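Read the structure below first, then the notes.
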Amino acid sequence: MNFSSSPENISSYPSAQTSAAFVSKEIPVAQQQTAYPVTPLDIAGKIDRAAPASKDAGYTIFMVLNGSDLETQNGFASDDILEILKSRLDSDKINFLILAGGTLEWKNPLMPDREYAVYRVIDGALETLCNLGKQDLSNPALLAGFLDLGYRMYPAKRYGLIFWDHGGGAVIGCGYDEISQKSLLLPQFEMALASSKAAEEPLEFIGFDACMMANLETACVCSRYAHYLIASEELEPGSGWDYSFLSVLSQNPEMTGGEIGCSIGEAYISYYNSLFGRMASVRATISVTDLQKIPAVVQAVEDFAEAANQKLLAGGYNRLAKARGHTMDFAGTGGEDDYDLVDLVDLCQQLSQDFPNESAAVMNAMKEAVTFRDNTQNVKNANGLTVYFPFYAKLSSYEYIPIYERINVLPHYTELIVNFARILNGESIAVSSGLDPSAILPKRSSDGVFTFRLSQEEMDSIYTVRLSLWKVMEDIKNGFSYCIQLEESENVSIDKDGTIHARFDGYQTTLNGRLCCIYEISANDQGDRYYIPAVLNGRDVRLMVQCSEKYPNGVIIGAALEAEKNSLQLPVPQRELIPIQKGDRIRLRYPSELFSLNDGTSAEGGSSINAPGRYEGEEWNVKGDSDLKLEKSPADEGEYLYGFILVDTQLNEFTTDFLWMKLSYDGSGLGIA
């Protein structure tokens, strides 16, 4: 896949009025669309013999177990298979079918590597129904054939579908196949459902034991083929669901999809809450959505989107962008690898003063639709469903929005985000309003407070202001100094008159006593989130940091792979952060640049000078699960540069000139010259 950073390319987004996705708002969108059918794979014809099916089954449950690297690297899929086999599932009451594949190497002896096979759970054991050889889950015919197998050979009063694998939200989809390196996108998912018996006899529930699939777009697709959606807004921990619910279902096979979802959700959150004291990284959410209520949600969201789009086109971009930036998002990194998934209710709350009636209608409809929601104690503002709203991954919107349009739901909302993304990637509003960062030179008071001031017009187009701290490592000839970055955060205060204040307190963040570079991602009532650039076992990562009352200096909650620059592929859907384990090798890394000192008091970045771009510290091995310790330590003596980064509402960054300072210690403490 290819995209350009040129603002002109945004015109390749189809306008909503001419897009095939546009339909009349009076027709409930979730009920209107139909997917192009495919011919289901004939799996039943590949089965030579099988144990007789139950004659009076309450449920047939389909499980798509796409093991992927979760199995190859950690054995998570095999662990859940054992959990299912030990769950005391009654195979006379529940037909449980498994389509397993998408995995380079299984950690159990039964399932074939690099191939797909179909199994049935009987009396605590697996019966192999057939081997399908090499397949690709992104081919809708495979899922359609699997569903038709169950409806045809294992009839029941109700049917349920569980997806087990990575998930990536509305645009990236789920079911990452480790062999084909493709995922099942929502348009393909709908093709499979529309081509199966589920189009005639809806499933009781569709559940995703996967990350980030509790979104309105998925709910819209599922609402035509199922009664309930069970899924998570947030990343899922690697262990996923607790499958003991199968014992409860066996005892009461008349349970509805909503009741099953509650049983899954209560056990899921209870387990991960019990780990919170020992594992600060655990964050989990889950919700159950009554899909029959989705048309009302869609209508309310479409009305909300129309009102927001009118404001946007009337010059209201800055206001919408700031509200979008402050909305609760999930699996967020604040960079180009962000999934841009925001909580739908929180988005409406952020804009409730702008669109009071429309926001209230969405929140009321969501209250009716989401029948159960819960989360671990370290998550707030998870209200059941997200929507895709491009912002942090602004360049990726060139690739994501065409995929989003093919989902073919929410036409007015699609029009809103198309227009929003066009401005997001367009000419700088801040520059047009007169912002000139070269004219800004912060001043430093005797007590170490740095200040400068912006006009009200400039402030209107500013999303945030960050302080930027660099350490001079080496003076180079011709007046240039080699520097590494140590901090970029929003630890500033902004007065109503546009005066920005920041104070350097003489402390820096260290990890196990090693000076590190730390970037702020977000600051809200759930605590501040940061990341530290590092190399983990030879791969560039971001060590994710969560601050809270319990951990005021922060705690490492895991690692996220650094996004490859100019990647031509959609990112692989994720399932939790990479845990830091005993024996892992870590090396901290720092952005580096050459700066030119003007008069000994200010500095300019030497962008035209050849600099390495990064500096790496020494490597060390993690000794234990609790070995990583973040602290605020006194800054080393030496020379530093202190400046500000102005981030406008289009996420363009403008850097002020830097102030030079020298730290030294004497008998009375720290001195700043």
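For the range 277-339, which whole percent of the accessible surface, found with a 1.4 angstrom probe, sits on carbon and sulfur atoms? Intermediate values should be presented prior to the final figure.
Working: 1000 of 2030 Å².
With neighbouring chains kept in place, the figure for the range 277-339 is 49 percent.
Lys632 to Ser445: extension gain in nm, 0.36 nm per residue of separation minus the Cα-Cα distance? Please list the in-between numbers first.
Numbers: separation 187, 0.36 × 187 = 67.32 nm, distance 2.33 nm.
Full extension from Lys632 to Ser445 adds 65.0 nm.
Amide H neighbours of Ala331 under 5 Å, at least 5 residues apart or on other chains, H built in the peptide plane: list them.
HN-HN under 5 Å from Ala331: Leu235.
Run the numbers for Asp92 and Val248: contour at 0.36 nm per residue of separation, minus the present Cα-Cα distance, in nm. Could you put the intermediate results ahead of the total?
Numbers: separation 156, 0.36 × 156 = 56.16 nm, distance 1.42 nm.
Between Asp92 and Val248, full extension yields an extra 54.7 nm.
Work out, step by step, the length gained on full extension between Ala53 and Tyr665: first 0.36 nm times the residue separation, then minus their alpha carbon distance; give nm to one decimal.
Difference between extended and current length: 212.3 nm.
Please calculate how many Å² of accessible area the range 165-219 carries per residue, with a 1.4 Å probe and no DNA, RNA or ligand atoms counted.
Details: 1140 Å² over 55 residues.
Solvent-accessible surface per residue comes out at 21 Å².
Mind listing the long-range amide H neighbours of Tyr59? Cut-off is under 5 Å, sequence gap 5 or more, other chains count too, H placed in the peptide plane at 1.01 Å from N.
Result for Tyr59 returns Asn95, Lys157, Arg158.
So what are the chain's ellipsoid semi-axes, whole angstrom, largest first, if each one is the square root of 5 times an eigenvalue of the alpha-carbon gyration tensor?
Numbers: eigenvalues 453, 170, 90 Å².
Semi-axis lengths for the chain are 48, 29, 21 Å.
Per-residue counts of other Cβ atoms within 10 Å, averaged by peptide: what ranking do you get for 627-637, 148-158, 498-508, highest first? Mind dumping the intermediate values first?
On the way: 627-637: 15.1, 148-158: 19.3, 498-508: 16.9.
Result, highest mean Cβ count within 10 Å first: 148-158, 498-508, 627-637.
Counting every Cα pair in the range 259-414, what percent are over 22 Å apart?
Working: 5665 of 12090 pairs.
Tail of the P(r) past 22 Å holds 47 percent of the pairs.
For Arg514, which sequence-distant residues (separation of 5 or more, or a different chain) have an amide H within less than 5 Å of its own amide H, given hydrogens modelled in the peptide plane?
none
Picking from Ala382, Cys547, Asn419, whose Cα lies most toward the positive end of the charge dipole for the chain (charges on Cβ: Lys, Arg +1; Asp, Glu -1)?
Ala382
Just grab the label-to-label distance for Asn621 and Ile645, each label 7 Å out from Cα along the Cβ direction, in nm (one decimal).
Taking the two extended label points, one gets 3.5 nm.
With runs of 4+ DSSP H residues as the only contributors, calculate the mean residue ellipticity of the chain at 222 nm using -39,500 (n - 2.57) per run, divided by the residue total and rounded to the nearest 500.
Numbers: 17 runs with 162 residues, N = 673.
Helix-only estimate at 222 nm: -7000 deg cm²/dmol.
Order 188-196, 587-595 from most to least packed using the mean count of other Cβ atoms within 10 Å.
Working: 188-196: 23.9, 587-595: 19.9.
Ranking the peptides 188-196, 587-595 by packing returns 188-196, 587-595.
HN-Hα J couplings of the range 247-253 from phi, Karplus 6.51/-1.76/1.60, θ = phi - 60°, integer Hz, Gly and Pro as x?
Running phi through 6.51 cos²θ - 1.76 cosθ + 1.60 with θ = phi - 60° gives 5, 4, 5, 4, 6, 9, x Hz.
Which entries of Lys322/Lys550; Lys311/Lys496; Lys394/Lys496; Lys86/Lys157; Lys380/Lys629; Lys86/Lys623 have Cα-Cα distances beyond 32 Å here? Intermediate results must be reported in sequence, preceding the final value.
On the way: Lys322/Lys550 29 Å; Lys311/Lys496 24 Å; Lys394/Lys496 29 Å; Lys86/Lys157 24 Å; Lys380/Lys629 26 Å; Lys86/Lys623 35 Å.
Going by Cα-Cα distance, Lys86/Lys623 fall outside the 32 Å limit.
Using the Karplus equation 6.51 cos²θ - 1.76 cosθ + 1.60 (θ = phi - 60°), what ³J(HN,Hα) coupling, rounded to whole Hz, does each residue of the range 115-131 give in order, writing x for Gly and Pro?
9, 10, 8, 10, 10, 10, 8, 9, 6, x, 9, 9, 9, 7, 8, 5, 9
Find the accessible area per residue for the range 46-118; the probe is 1.4 Å, ligands and nucleic acids are left out, and the unit is Å². Mind showing how you got there, number by number?
On the way: 3110 Å² over 73 residues.
For the range 46-118, the per-residue accessible area is 43 Å².
Residues of the range 382-412 with amide nitrogen under 18 Å from the 7 Å Cα-to-Cβ point of Glu336?
Inside the label zone: 390-402.
All other residues with a Cβ under 15 Å from the Cβ of Ser87 taken together, and with Lys, Arg as +1 and Asp, Glu as -1, what is their net charge? Write out the running numbers ahead of the final one.
Values: positive: Lys86, Arg88, Lys93, Arg120; negative: Asp79, Asp80, Glu83, Asp90, Asp92, Asp123, Asp209, Asp242.
Net charge around Ser87: -4.
Going by accessible area, probe 1.4 Å, with all protein chains left in place, what is the ranking of Arg283, Arg614, largest first? The partial results should precede the final answer.
Details: Arg283 30, Arg614 90 Å².
Ranking Arg283, Arg614 by accessible area, largest first, yields Arg614, Arg283.
Have a look at Ser461, Trp164, Ile403 and report the one farthest towards the positive end of the charge dipole of the chain, computed about the Cα centre with Cβ charges (Lys/Arg +1, Asp/Glu -1).
Trp164
Keeping the other protein chains in place, figure out the carbon and sulfur percent of the accessible area of the range 379-526, with a 1.4 Å probe. Could you put the intermediate results ahead of the total?
Working: 2680 of 5670 Å².
It is 47 percent, rounded to a whole number.
How far apart, in nanometres, would the label points at Arg114 and Met473 be if each is projected 7 angstrom from Cα along the Cα-to-Cβ direction?
4.3 nm
Would you mind working out the magnitude of the charge dipole of the range 410-459 relative to its Cα centre, with +1 at each Lys and Arg C-beta and -1 at each Asp and Glu C-beta, to the nearest 20 Debye?
On the way: 4 positive and 6 negative charges, 38 e Å.
In total the dipole reaches around 180 debye.
Of the peptides 289-299, 237-247, how do they stack up when ordered by the mean number of other Cβ atoms within 10 Å, highest first? Mind showing how you got there, number by number?
On the way: 289-299: 22.7, 237-247: 20.5.
So the peptides 289-299, 237-247, ranked by packing, come out 289-299, 237-247.
Got a sec? Charge dipole of the chain, +1 on Cβ for Lys and Arg, -1 for Asp and Glu; which of Leu320, Gly257, Val118 is way out at the positive end?
It is Val118, whose Cα lies furthest towards the positive end.
I'd like the accessible area for Ile179: 1.4 Å probe, protein heavy atoms, all chains in place, Å² to the nearest 10.
Solvent-accessible area, nearest 10 Å²: 70 Å².
So what J values fall out for the range 425-435 if you push phi through Karplus, 6.51 cos²θ - 1.76 cosθ + 1.60 with θ = phi - 60°, rounded to Hz, Gly and Pro as x?
Residue by residue, the range 425-435 yields 9, x, 4, 5, 5, 5, 5, 4, 7, x, 5 Hz.
The values are calculated or read from the model by the stated rules, or taken from the named source; none is laboratory data. All values derive from a computational prediction rather than experimental measurement. A quick note on method: Cβ atoms are made from the backbone with ideal geometry, for glycine too, and the neighbour counts reach across all protein chains shown. Side chains are part of the model used for accessible areas, which takes the heavy atoms of the whole protein and leaves out ligands, DNA and RNA. Shrake-Rupley method; radii C 1.70, N 1.55, O 1.52, S 1.80 Å.
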